[in-house]
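The values are calculated or read from the model by the stated rules, or taken from the named source; none is laboratory data. Please read all numbers here as calculations on a predicted model, not as lab measurements. With ideal geometry, Cβ positions are generated from the backbone for all residues, glycine too; neighbour counts draw on all protein chains shown.
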Amino acid sequence: MSVSVPFFDWKQLYLERRDDYIKIFDETLSRGGFIMQKDVRQLEETLEAYLNVKHVVALSDATNALLLGLRASGLQAGDEVIIPSHSFLAAPQSIHYAGGVPVPCELGPDWMVDPADMESRITEKTRVLMPVQVNGRSADMDRILDIGKRHNLIVVEDSAQALGAKYKGKMVGTMGLWGVFSFYPSKMIGTFGDAGALVTNDDDIAAKVRAMRNHGANADKVIEKSCDIWGTNSRMDNLHAAILNFKLTWYDEAIQRRIDIAQRYNDAFAGFSELTLPPAPAQDPDYGDVYQNYEMTSTRRDALRAYLSERGIGTIIQWGGIALHQMSGLGYSQSLPKTDTFFEQSLLLPMNHFLTDEQIDHVISSVVAFHS
Ligand SMILES: *Cc1c(COP(=O)(O)O)cnc(C)c1O
């Protein structure tokens with residue numbers, strides 16, 4: 001008997017609670033709840049309480065959240081933004097579209113952005129430091145915020161992957177001037193399409209992004225006689241907000257399931273010298289990881305990947321296996337040897353809350369069999 005374990009079983013995202021979703025669609029659509037209805041504000045309020053942050057602005061996706069956040073922060077043409085090379089293209093693209101220059105830097109031994117390397121790349125053009133909270137874990141924010149303070153730079157978080165993660169008791173995404181979250185289907189809390197949010201304790205940033213998302217309209221009213229900021233359409237579809245409101249009622253349970261799976265993977269694979277595993281849950285009380293991904297490295301990554309594939313187990317290499325500084329087509333030619341080595345060895349195992357115990361057992365026994 002063989003169990004198949006797709007890396008991410010897209011249809012399961014809907015089928016796991018299909019009856020609930022049908023009711024939500026029917027209730028929301030029957031009252032004409034398409035654009036900027038009560039569900040959007042309800043989502044913002046729920047997330048404001050959950051994250052203990054003053055403002056949440058629901059948006060069309062996290063890529064636009066990054067773009068609007070950078071524009072609201074007053075990024076000027078040519079301003080440099082330092083970002084880990086181990087990041088999704090969305091952040092550098094938004095920096096570029098906001099007129100800035102994305103400057104990739106190295107990862108540290110914890111695989112998060114290396115604060116010392118980040119600091120070494122500061123020039124007189126640097127305006128922003130952007131840690132990326134990859135895999136649902138926080139970078140060393142105390143050090144990054146300290147560098148920002150000493151050099152008078154803005155710190156913002158690409159926390160698209162890290163809703164609910166904690167660092168020294170604080171919620172990831174709320175430690176810098178602003179942070180963003182993604183509700184793309186395969187993210188920590190995914191809807192059935194694109195959605196995202198920007199979060200901030202800064203009244204001015206919140207007001208600007210709120211206006212920008214809806215053609216510059218103040219407080220989301222229609223534009224009457226004038227408009228004092230250039231905006232666009234980056235609204236979150238109301239139906240996504242209704243779905244997310246439901247998913248937030250059992251989000252703690254979904255996170256706990258990921259933590260339990262990570263613990264099982266870590267326990268089972270601890271003895272294999274070819275593998276380097278992510279930190280186990282609760283290994284360091286300063287970090288509350290939520291395991292958006294289970295990313296590990298293997299010195300025989302490609303062979304392991306092929307072996308798992310033969311057993312019906314889907315794995316992926318993050319960001320399609322290419323780091324930002326390796327994008328020669330975008331003009332990069334810089335060398336970041338630690339990130340290069342990491343990308344030769346990195347692998348993501350299946351990780352989401354709807355994996356069954358049988359599927360997890362199959363992943364574990366297959367990885368163990370490969371190494372035995
Ligand atoms: C998914 C992701 C984004 C982009 O999110 P979208 O909602 O798809 O625009 C940005 N940064 C990181 C780190 C991501 O993982």
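With the structure loaded, tell me whether Glu224 is at pLDDT below 95, over 15 Å from Arg137 (Cα atoms) and among the acidic types (Asp, Glu) or whether it fails that test.
yes
Collect the residues in the range 60-102 that are touching a Gly at 6+ places or on another chain (Cβ under 8 Å) and charged (D, E, K, R), keeping them in residue-number order.
Correct list: Asp61, Asp79, Glu80.
Pairs please, first residue from the range 3-27 and at negative phi and at pLDDT below 95, second anywhere and part of a loop (DSSP other than H, G, I, E, B) and surrounded by 14 or more Cβ atoms within 10 Å (Cβ to Cβ), Cβ atoms under 7 Å, 6+ apart in sequence or on different chains.
Note: pairs meeting the criteria are Val3/Gly312.
I'd like to verify a number: residues in the range 282-302 that are over 17 Å from Arg258 (Cβ atoms) and in contact (Cβ under 8 Å) with a residue 12 or more places away in the chain, how many?
6
So, in the range 164-192, of the ones that are of a type in the set (Lys, Arg) and either assigned to a loop (DSSP other than H, G, I, E, B) or within 12 Å of the ligand (Cβ to nearest atom) (or both), which residue ends up farthest from Pro92 (Cα to Cα)?
By that ranking, first place goes to Lys168.
Yes or no, residue by residue, for (1) under 26 Å from Gln133 (Cβ atoms); (2) more than 15 Å from the ligand (Cβ to nearest atom); (3) surrounded by fewer than 19 Cβ atoms within 10 Å (Cβ to Cβ):
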{"position": "Lys23", "(1), (2), (3)": "no, yes, yes"}
{"position": "Ser30", "(1), (2), (3)": "no, yes, yes"}
{"position": "Thr46", "(1), (2), (3)": "yes, yes, yes"}
{"position": "Ala49", "(1), (2), (3)": "yes, yes, yes"}
{"position": "His55", "(1), (2), (3)": "yes, yes, no"}
{"position": "Ala65", "(1), (2), (3)": "yes, no, no"}
{"position": "Gly78", "(1), (2), (3)": "no, yes, yes"}
{"position": "Ile82", "(1), (2), (3)": "yes, yes, no"}
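Quick test for you: out of Asp110, Asp142, pick the one residue that is modelled with pLDDT under 95 and of a type outside the set (Val, Ile, Thr).
Asp110
Could you figure out which of (1) more than 16 Å from the ligand (Cβ to nearest atom); (2) surrounded by 18 or more Cβ atoms within 10 Å (Cβ to Cβ) isn't true of Val113?
Of the numbered conditions (1) more than 16 Å from the ligand (Cβ to nearest atom); (2) surrounded by 18 or more Cβ atoms within 10 Å (Cβ to Cβ), the odd one out for Val113 is (1).
Please count how many residues of the range 350-372 are of a type in the set (S, T, N, Q) and under 26 Å from the mean Cα position of the chain (by Cα).
Selection size over the range 350-372: 3.
Looking at Gly69, is it small (Gly, Ala, Ser) and away from the ligand (no atom under 14 Å from the Cβ)?
Taking the combined requirement at face value, the residue does not satisfy it.
Anything in the range 193-205 that is within 16 Å of the ligand (Cβ to nearest atom) and in a strand (DSSP E or B)? List them, or say none.
Gly196, Ala197, Leu198, Val199
Regarding Asp146, is this residue touching a helix residue (DSSP H, G or I) at 6+ places or on another chain (Cβ under 7 Å) and not aliphatic (A, V, I, L, M)?
no
Kindly indicate the residue of the range 84-110 that is within 12 Å of the ligand (Cβ to nearest atom) and more than 21 Å from Ser346 (Cβ to Cβ) and also surrounded by the fewest Cβ atoms within 10 Å (Cβ to Cβ) among those meeting that condition.
Applying the filter and picking the extreme gives Gln93.
May I ask you to list the residues in the range 136-163 that are outside any helix (DSSP H, G or I) and either charged (D, E, K, R) or more than 24 Å from Ala72 (Cβ to Cβ) (or both)?
Correct list: Arg137, Asp140, Glu157, Asp158.
For the range 1-11, what are the residues that are surrounded by fewer than 14 Cβ atoms within 10 Å (Cβ to Cβ) and within 26 Å of the chain's Cα centre (by Cα)?
Once the filter is applied, which keeps residues that are surrounded by fewer than 14 Cβ atoms within 10 Å (Cβ to Cβ) and within 26 Å of the chain's Cα centre (by Cα), the range 1-11 yields Trp10, Lys11.
Mind checking whether some residue in the range 144-163 is within 12 Å of the ligand (Cβ to nearest atom), in contact with a Lys or Arg (Cβ under 9 Å, 6 or more places away or on another chain) and among the polar types (S, T, N, Q)?
Yes; the residues of the range 144-163 include at least one that is within 12 Å of the ligand (Cβ to nearest atom), in contact with a Lys or Arg (Cβ under 9 Å, 6 or more places away or on another chain) and among the polar types (S, T, N, Q).
Just need a number here: residues in the range 333-369 that are of a type in the set (Ser, Thr, Tyr) and crowded, with 17+ Cβ neighbours inside 10 Å.
Residues in the range 333-369 being of a type in the set (Ser, Thr, Tyr) and crowded, with 17+ Cβ neighbours inside 10 Å: 3 in total.
Need a quick list: helices (runs of 4 or more DSSP H) entirely within the range 228-327 having at least 1 residues that are small (Gly, Ala, Ser) and in contact with a Ser or Thr (Cβ under 8 Å, 6 or more places away or on another chain).
238-248, 301-310
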